[in-house]
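To keep things clear, I will list the structure first and then write my remarks on it.
The values are calculated or read from the model by the stated rules, or taken from the named source; none is laboratory data. From a predicted model like this one, the values you see are computed outputs, not experimental measurements. Methodologically, a virtual Cβ is constructed for each residue, glycine included, from the backbone with ideal geometry; neighbour enumeration extends over all protein chains shown. SASA here: full protein model, heavy atoms, side chains in, ligands and nucleic acids out. Shrake-Rupley method; radii C 1.70, N 1.55, O 1.52, S 1.80 Å.
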Amino acid sequence: MNAAMRNSRSKLRAKTAVRVFLIGFLVILLGAVVVFLSRGTDRPAAVRPEAKLLTKQKVDVKDDIHFVKDTGGKTILDVRAARNYSDPDGIYHLTGTNDGPDGRVRIESRGRDGRLKFGAAATEVLYNADWTRLVFQGEVEIHLDDLTVKGSSFVYQKGGEVITTNVPAIFESKRFSGDCRRASYNLSDEQLFLEDGIKIVATPWDSDPIPVIITGKSMKYAREFRTGDIRGDVKMVHGRSRGRSRDMFFAEFTDRPGFRFFEFQGGVVIDVDEQPGDRSAGLKAKRPNPAAVPSSDEGLIFFQGGRQHIEAGTVTFVPYGNENGPHYASLRDGGRIEIFDDAGGQTTLEAGEMLFLYNEGWELQNFGLQGRARIRGEAEGRMRLVEAPNFNFNSQDGILLAGGNGAAPARTISGGREMTAESMLINLKNDNFDARGGVKIVSFPQSGEVRDAALFDAGRPMFMTAGFTHYEAGPRRFRLGGRARLWQGRESLEGDDVTIFEETGDLSVLGAVRSVFFQRPKEKDEDQRVEITGDRLDRTSKKGSVIFQGSCSLAIGEMVMKAGRLMLEPGEGKEKYRRILADQQRVIIIQGPNNAQGDRADYDLAENVIVLTGNTVLEDNTKGVVHKDGKLTFHRDDGKILIENKDTERSTTIIKS
């Protein structure tokens, strides 16, 4: 009885255990089916009919796979891998056979229009079930059409359409390559961000194998527009050339390789040290040969040199220009360029804004300077300075045009002269120049040169004004027109047109000539003022004489002498002139109430005596004719006139004027 009961209880326990086991097995089986179905429901039909659908793949290990994943948004993924499996944490893995170019996992992300957003190759790719996050590991390459980024780890986030890496990466394109510590790429606006220290190696010029190396803190590159900006402590290297700025911007051509422009901003400093023929942002133009220079200042200003120092707030460099435009470089926000030649010469350019245009061979064609501009040339102790509100230069004819106005004129200092005018035109090939509009000149003494000292003291500064001036360096001829005036202290010279021959010291003045100088007669304590006018003045340096011609007039105090010609003979020592000879036409002397005429007059300035001869006539304003045909001697100190008759007895008469 007891044995039967024990046997019955044992059978009951066995049935219960079987029921529990079957219920558990059904629960597990049901859970697996639910999980499988839930994972399969978000996998739409494949885009490519020939590819295997992911929904038909099993979760265990599969080899040599290729499938297309429609993420349900704007992106379709094409996936190729050697192996696909999931781990216990529910993370899916794609792996390749090796790290070689053909052995890695390959994924392409395309829009629904078929346009490639990015391509990726990696040793391994990890992704979640809904493909919203992909992690690329190992030997990773992200291909963005014209740009490739390489590193050891990248993450793709579907929500932000962003690929990021927080480990060092390198990048490559047709024209530049480099590296950074962190990077991200936004697939929506196609912008690449490089951070935490970047380095770029670029080759802007087809014929120049020397790369430009640029470093900075960060970089943003817009792939669609092929533009980029580098921020923070930017530094540049090209061969022996160096540069730095706060930021830098660049743009590539969208339809062909090459850079459209570079722009450096914020405290730009560039030291150019290029060999002849190198392509650079420096100025290049032919410099005159100093050995063939007829003027001492030619060649002081030049725009070619192997070494250049550039400073500006902003520098823009366009190496190719547009299809019809020239190459150019511009400096803004206060530019300064120092150009050095091998002989020790230096040219310095300064302006608020600068623009330089080049031809295809990178030879300087034209440039313009705006805003308080100045150009300074120095060599072997000589200096040439030109300042103006604006400059324009044409290299073909070598013409430098300095433009100004009445309130802000152009100014130059050259060869001992300081000049201001509303505009100046300087020929840097032959050193000729023109100045127009309110010309003012200060001429300083130059050792061993005659120059402007024809009627003035060579050891003191001389001042000049004119409507315009023209200088020819070959014959060293200096002309002032438009009513010129030269003066030194109390003494002056005026005329419609003045020409100074620097080589000889000769002088020519035309039109309404007027000269004023002071001379002290013997036994006198005061200088007497001498004023001479005429139609023309000529000075010859060999004789040192000065000749006035045509309707001449000499005035000293109350005495006036008129003649067709007045010739001033040089004096000795402190004497400017020894005597004045008057002839041609009738010589007229007016002194007090007396009026005398003759053919010739000899005025001894030291003795202050005038001798009038040749058909002389003396008239008194109240008495009429006093004397005819003799010699008249005027003693200017006491006002007496000595009359010597022409007859044999030579009787004399003295009258008081």
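In the context of the full set of protein chains, residues of the stretch 180-242 present 45 Å² of accessible surface per residue (probe radius 1.4 Å, heavy atoms only). Remark: the stretch 492-546 carries 47 Å² of accessible area per residue (probe radius 1.4 Å; ligands, DNA and RNA excluded). Counting only protein heavy atoms and a probe of 1.4 Å, the accessible surface of the stretch 151-250 is 51% carbon and sulfur. Legend: calculated FRET efficiency, ALA222 to LYS74, from the Cβ-Cβ distance at R0 = 22 Å, rounded to 0.05, equals 0.70.
Could you pull out every residue, at least 5 positions away or on a different chain, whose amide H is within less than 5 Å of the one on SER86? Hs are placed 1.01 Å off N in the peptide plane, and Pro or chain starts have none. It is HIS93, by chain and number. For ARG372 and ASP342, the FRET efficiency from 1/(1 + (r/R0)^6), where r spans their Cβ atoms and R0 equals 35 Å, is about 0.70. Among the protein heavy atoms of the stretch 423-579, carbon and sulfur supply 47% of the accessible surface, probe 1.4 Å, non-protein parts ignored. Counted residue by residue at 0.36 nm each, then reduced by the alpha carbon distance between them, the extension gain from LEU116 to ASP145 reaches 9.7 nm. For the stretch 335-456, the solvent-accessible area works out to 43 Å² per residue, with a probe of 1.4 Å and every protein chain left in place. Sorting the segments 375-383, 479-487, 568-576 by their mean number of nearby beta carbons within 10 angstrom, highest to lowest, gives 479-487, 375-383, 568-576.
Let's test the formula: R0 of 60 Å, r as the Cβ-Cβ distance of ASP102 and GLN396. What FRET efficiency results, to the nearest 0.05?
Calculated transfer efficiency: 0.55.
First check a/c for the stretch 452-516, with a ≥ b ≥ c the square roots of the eigenvalues of its C-alpha gyration tensor; if it is under 1.5, answer rounded, and if not, answer prolate when a/b is larger than b/c or oblate otherwise.
Since a/c reaches 1.5 but b/c is at least a/b, the shape of the stretch 452-516 is classed as oblate.
For the stretch 395-404, 3J(HN,Hα) computed residue by residue from phi via the Karplus equation (6.51, -1.76, 1.60; θ = phi - 60°) reads 6, 4, 9, x, 8, 10, 9, 9, x, x Hz, glycine and proline entered as x.
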